[in-house]
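Novice: The structure's right below; bear with me while I get my questions together.
The values are calculated or read from the model by the stated rules, or taken from the named source; none is laboratory data. Fair warning: this is a prediction, and the values are worked out from it, not measured in the lab. Counting neighbours? That spans all protein chains shown, and the Cβs are built from the backbone with ideal geometry, glycine included. The accessibility values were calculated without ligands, DNA or RNA, using every heavy atom of the protein model including side chains. Shrake-Rupley method; radii C 1.70, N 1.55, O 1.52, S 1.80 Å.
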Amino acid sequence: MSEPTVRPNETTVPLLPCASVEETLAFYEALGFKATYKQSKPYVYLALQWSGLQLHFGPAPKGLDPAREESGGCLVMVDAVAPYHTAFVTAMRQVYGKVLSSGLPRITRYRPGASRFTLTDPSGNSIIFIQRDEPAELEYGGSKKLTGLARALDNARILREFKQDDRQAFRALKSAVRRHGADASPVEQAIALCHLIDLAIVIDEPTDPWLTDLRGLELTTDDRQRIESELGYLVGLQEWLPPQ
């Protein structure tokens with residue numbers, strides 16, 4: 001009689017902490033997930049499914065603070081991340097009337113061409129969607145091929161998309177604008193200021209300083225076209241730019 005062998009047909013299902021059954025169900029069902037199992041007594045257990053993705057939830061550890069966002073998380077490897085982001089933000093608009101981009105729960109903004117985005121749920125869990133062909137290496141601090149504001153913007157992109165640290169991205173870019181802004185072209189300054197405004201909104205910081213600087217720039221038609229081409233995904237962009 002032959003010995004049983006391991007076959008490569010495994011399925012891994014994340015088991016995440018759940019701080020509130022009601023809030024967890026409300027959020028994921030708003031996104032289109034279906035509950036295949038739910039239980040609150042004698043202990044919490046939820047099983048949720050969307051497309052081919054399964055997420056399971058169990059009791060939260062004693063003292064868990066969702067606001068610290070140290071709860072749990074998982075990676076979801078997909079062929080292309082954009083359709084997933086589109087599906088979730090569309091669902092958010094339908095249920096909440098807006099895209100949840102700050103606080104808990106939320107979804108990170110998606111930059112065209114980006115290889116990942118993150119859903120953070122009411123319990124502080126991070127569900128990170130990653131494109132399978134994402135580059136294996138990153139240059140933290142920004143690409144060494146770039147200088148000045150361009151390198152700072154690349155660093156901010158990495159901090160946001162890969163480290164999920166909007167506050168550090170804001171600090172780094174704010175410092176770079178002060179150091180390199182005077183040496184940059186108006187369009188480069190405008191792109192950096194637009195990112196600062198977006199970051200300020202996400203982390204609940206004042207936007208006035210950056211809006212004032214942005215509206216004081218003299219931008220050509222070509223400048224505006226480049227800004228709109230690169231940053232058209234930012235909600236409110238047209239209101240931020242100086243009048244034509």
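Novice: For Lys145, state whether it is loosely packed, with under 12 Cβ neighbours inside 10 Å and basic (Lys, Arg).
Specialist: yes
Novice: OK, next. Would you tally the residues in region 145-198 being within 13 Å of the chain's Cα centre (by Cα), assigned to a helix (DSSP H, G or I) and free of Cβ contacts under 8 Å to residues at least 24 places away in the same chain?
Specialist: 2
Novice: Suppose we keep only residues that are in contact with a Ser or Thr (Cβ under 7 Å, 6 or more places away or on another chain) and open to solvent by 40 Å² or more (accessible area, probe 1.4 Å) within region 182-214. Which one would you say is nearest to Phe117 (Cα to Cα)?
Specialist: Per the criteria, the residue is Ile201.
Novice: Which residue, of Val99, Val95, is in contact (Cβ under 8 Å) with a residue 60 or more places away in the chain, out of contact with any Asp or Glu (no Cβ under 6 Å at 6 or more places or on another chain) and either of a type in the set (D, E, K, R) or not in a helix (DSSP H, G or I) (or both)?
Specialist: Values: Val95 fails: either of a type in the set (D, E, K, R) or not in a helix (DSSP H, G or I) (or both).
Answer to the selection: Val99.
Novice: A further question follows. What tally of residues in region 12-60 results from selecting those that are open to solvent by 100 Å² or more (accessible area, probe 1.4 Å), out of contact with any His (no Cβ under 6 Å at 6 or more places or on another chain) and touching a residue at least 12 places away in the same chain (Cβ under 8 Å)?
Specialist: Number of matching residues: 4.
Novice: Please go through region 161-181 and give me each residue that is open to solvent by 50 Å² or more (accessible area, probe 1.4 Å) and of a type in the set (Asp, Glu), ordered by number.
Specialist: Hit for region 161-181 is Asp165, nothing else.
Novice: What do you reckon, is Ile201 among the hydrophobic types (A, V, I, L, M, F, W, C), under 14 Å from the mean Cα position of the chain (by Cα) and in a helix (DSSP H, G or I)?
Specialist: Yes, satisfied.
Novice: From the list Leu64, Leu104, exactly one residue is part of a loop (DSSP other than H, G, I, E, B), open to solvent by 30 Å² or more (accessible area, probe 1.4 Å), in contact (Cβ under 8 Å) with a residue 40 or more places away in the chain and over 25 Å from Glu137 (Cα atoms). Which is it? Explain how you work it out, then say what you get.
Specialist: Details: Leu104 fails: in contact (Cβ under 8 Å) with a residue 40 or more places away in the chain.
None of the other options fit; the residue is Leu64.
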